[in-house]
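A short write-up of the structure that comes next.
The values are calculated or read from the model by the stated rules, or taken from the named source; none is laboratory data. All of these numbers come straight from a predicted model, not from anything done at the bench. No Cβ is skipped: glycine too gets one built from the backbone with ideal geometry, and neighbour counts run over all protein chains shown. Areas reflect the complete protein model, heavy atoms only, side chains present, ligands, DNA and RNA absent. Shrake-Rupley method; radii C 1.70, N 1.55, O 1.52, S 1.80 Å.
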Amino acid sequence: PSTVKSIQRYAFMFCRSLRLLILPNDIDLDNVDEIIDETAIYQIAENAGVAYEEDEDGYDVHDDYGFPTEESIRQVNEWLYHHMDHAPFHKLCYNSSITTKHINDYLDEHGNDLARAIDTIHSMTPLHMLSMNP
């Protein structure tokens, strides 16, 4: 939801069914790493060419895995911010404060064909986004 201002490390780790995550524009991810590790959306990010790269110099004493590099964390977080920019109507429909007036105004301005558009990342229509709206 747009009221969320920060997310902690591993917030969605192992939420394997998580396919969609649209973040508010003003959320702070500066100190977050591996937010979507082991999720379906991480697989989507990898397919888009974005992934966590392990830093072989540092290991987590708790799990013997390398830490992701700062650059790869930045790239994944940046992808999370922008991966739905190509589908602004879908993002609008996912917004928790959306109203029918917003939808009608957007379609009046941009055309009704957008209501049937399928986004290329998740294969969803805006109606799917509305039904998943938090």
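Only one residue in A117, A87 is at pLDDT 90 or above, among the hydrophobic types (A, V, I, L, M, F, W, C) and within 22 Å of V4 (Cβ to Cβ), so which one is that?
Exactly one residue qualifies, and that residue is A87.
Taking the residues in the stretch 11-41 that are in contact (Cβ under 8 Å) with a residue 60 or more places away in the chain and not basic (K, R) as candidates, determine which candidate is most open to solvent (accessible area, probe 1.4 Å).
I22
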